[in-house]
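Q: This is the structure I have questions about; it appears just below.
The values are calculated or read from the model by the stated rules, or taken from the named source; none is laboratory data. Fair warning: this is a prediction, and the values are worked out from it, not measured in the lab. Every residue, glycine among them, receives a Cβ derived from its backbone with ideal geometry; neighbour counts consider all protein chains shown. Ligands, DNA and RNA are excluded from the accessible area calculation, which covers all protein heavy atoms including side chains. Shrake-Rupley method; radii C 1.70, N 1.55, O 1.52, S 1.80 Å.
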Amino acid sequence: MSQEKKQWGAIIVMIALFAMIAFVTNLCSPMAIIVKNDFGASNVLAQIGNIGNFIAYLIMGIPAGILIAKFGYKKTALIGLAIGIIGVLIQWMSGHVGREIAFLVYLIGAFVSGLTMCILNCVVNPMLNQLGGGGNKGNQLIQIGGVFNSGAAVAVYIIMGALIGDAAKAHIADATPALMIALAIFVVAFIVILFTKIEEPEQAPVDISLLKGAMQYRHFVLGTLAIFLYMGIEVGTPTYMLQYLTSTPIGDATEPMAASIAGLIAAVYWLMMLAGRFLGGIIGGKISSRAMITTVSTLSILLVLFGMFAPTTSTINVPGIDWANLSVIWSEVPVGIFAFILVGLCTSVMWGGIFNMAVEGLGRYTAIASGIFMTMVFGCAVMVPLQGWVADLTGNYLTSYWVVVACAAYVLFYALIGSRVAKK
């Protein structure tokens, strides 16, 4: 097999992993509706899945980087997939045990699954960046992987919306089909990767002192904070949009929107991310990450502010795709919610752009830096519940979006100032 074919084989595998990460990770947000109903949880505790999933990044980020340095990308991916199979099975068990321990079992399952997501993210991002040759081309390949990532996220929201149906009657066991899909994806991915030959880039020897070396780069340190806060934008925006739609009557309606319909609407956010990443994949080789992130972070701030302050009585019809019947369902939502949906176009390229800028010029520190970078993804376990706390405190989901505005403002600062490389 030629070197070129070997590289394309590795690229295809990494992109497939990118999609799988989104499918499992995005189960947590619609599951919050179930947790809220099943256990009478607050907006903060309803995010227990996101909390468990992303706290795992805090614990596993650096060890994942060390695993890559010691065993290489392929073996590390296989380790992560094996852990993921266990995590999904534990989450499934939470719907089939006594109510008194179901909450704890679900939290454990989300945490174990989060360990896998962290490991796979540590594998996928630097591999795609290196396979693309770094720089703009590396960013371009990450954006293409992001297209499939967003496609899987769309699928999750549609599937979970259909399974939940009536939010007031939802139970964890209702999510069994989605969990079985996730389990099947893990098993298939394990088999495929096991028999796929991946050209491993050279790694620095395992040395904990590499952590200190990576942290000497100012643009990398500031980039880790940018990814911490970015998670609040990407996940917080659709999560509380879904909560808002399923708890607040829209227009002349006397009842909140059914979760099945709200799930289709929230899925449009991820469709926007898919479209944005597809566009980013096309133009990523020609436009710098700095210019790209500056533009989308500015637009995010403007869109979220408009969504917060636009009159809730002003409504607009937005489409949702009923994949079961291959039809488009139009639903009435406040115009501000439509602005939140458009934020998906902006967040679509943030991950790849921030990562690309943060690891620029790190050389042999790239693998361990990727581990540190993934550690900061646990920002989702902080920022999304923080937004829920603001919603509980104010009794207003729209007011909670000040958290998203603050996160986007820092990302803008990083693109303009913090990402400039002082040394390589």
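Q: Mind checking which helices (runs of 4 or more DSSP H) fall wholly inside the stretch 2-86 and carry at least 1 residues that are at pLDDT below 70?
A: Fully inside the stretch 2-86 and qualifying: 3-25, 28-39.
Q: Report yes if Gly418 is open to solvent by less than 10 Å² (accessible area, probe 1.4 Å), small (Gly, Ala, Ser) and more than 20 Å from Leu342 (Cβ to Cβ), otherwise no. Before you say what the answer is, go through the steps one by one.
A: Values: open to solvent by less than 10 Å² (accessible area, probe 1.4 Å): yes; small (Gly, Ala, Ser): yes; more than 20 Å from Leu342 (Cβ to Cβ): yes.
Yes; evaluated as a whole, the condition is true for this residue.
Q: Select, from Leu326, Leu305, Leu279, Leu274, the only residue that is surrounded by 17 or more Cβ atoms within 10 Å (Cβ to Cβ), modelled with pLDDT under 90 and either out of contact with any helix residue (DSSP H, G or I) (no Cβ under 9 Å at 6 or more places or on another chain) or among the aliphatic types (A, V, I, L, M) (or both).
A: That would be Leu274, the only listed residue that is surrounded by 17 or more Cβ atoms within 10 Å (Cβ to Cβ), modelled with pLDDT under 90 and either out of contact with any helix residue (DSSP H, G or I) (no Cβ under 9 Å at 6 or more places or on another chain) or among the aliphatic types (A, V, I, L, M) (or both).
Q: Among Gly138, Gly132, Gly95, which is at pLDDT below 75, open to solvent by 10 Å² or more (accessible area, probe 1.4 Å) and not hydroxyl-bearing (Ser, Thr, Tyr)?
A: Working: Gly138 fails: open to solvent by 10 Å² or more (accessible area, probe 1.4 Å); Gly95 fails: at pLDDT below 75.
The unique qualifying residue is Gly132.
Q: Next question. For residues in the stretch 202-224 being modelled with pLDDT under 70 and surrounded by 14 or more Cβ atoms within 10 Å (Cβ to Cβ), which is farthest from Tyr414 (Cα to Cα)?
A: In this case the residue turns out to be Val206.
Q: Any residue in the stretch 353-371 that is open to solvent by 10 Å² or more (accessible area, probe 1.4 Å) and free of Cβ contacts under 8 Å to residues at least 60 places away in the same chain?
A: no
Q: Do we find a residue being modelled with pLDDT of 80 or more and open to solvent by less than 20 Å² (accessible area, probe 1.4 Å) anywhere in the stretch 283-291? Before the answer, list the steps.
A: Restricting attention to the stretch 283-291, the residues satisfying the condition of being modelled with pLDDT of 80 or more are 287-291.
Narrowing the set further to residues that are open to solvent by less than 20 Å² (accessible area, probe 1.4 Å) leaves 289.
Scanning the stretch 283-291, I find at least one residue that is modelled with pLDDT of 80 or more and open to solvent by less than 20 Å² (accessible area, probe 1.4 Å), so the answer is yes.
Quick grid of which residues meet (1) assigned to a helix (DSSP H, G or I); (2) touching a Phe, Trp or Tyr at 6+ places or on another chain (Cβ under 6 Å); (3) in contact (Cβ under 8 Å) with a residue 60 or more places away in the chain:
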{"position": "Gly213", "(1), (2), (3)": "yes, yes, yes"}
{"position": "Asp252", "(1), (2), (3)": "no, no, no"}
{"position": "Ile287", "(1), (2), (3)": "no, no, yes"}
{"position": "Ser297", "(1), (2), (3)": "yes, no, yes"}
{"position": "Leu305", "(1), (2), (3)": "yes, no, yes"}
{"position": "Pro311", "(1), (2), (3)": "no, no, no"}
{"position": "Ile329", "(1), (2), (3)": "no, no, yes"}
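Q: Scanning for something open to solvent by 10 Å² or more (accessible area, probe 1.4 Å), closer than 24 Å to Ala46 by Cβ and touching a residue at least 60 places away in the same chain (Cβ under 8 Å), does the stretch 70-89 turn up at least one residue?
A: yes
Q: State whether one or more residues within the stretch 386-399 are open to solvent by 10 Å² or more (accessible area, probe 1.4 Å), assigned to a helix (DSSP H, G or I), under 21 Å from Ile293 (Cβ atoms) and not acidic (Asp, Glu). Spell out how you get there, then give the answer.
A: If we filter the stretch 386-399 for residues that are open to solvent by 10 Å² or more (accessible area, probe 1.4 Å), which is where we start, we get 386, 389-390, 392-399.
Among the residues that remain, those that are also assigned to a helix (DSSP H, G or I) are: 386, 389-390, 392-394, 399.
Next cut, under 21 Å from Ile293 (Cβ atoms) only: none.
Checking the stretch 386-399: not a single residue is open to solvent by 10 Å² or more (accessible area, probe 1.4 Å), assigned to a helix (DSSP H, G or I), under 21 Å from Ile293 (Cβ atoms) and not acidic (Asp, Glu).
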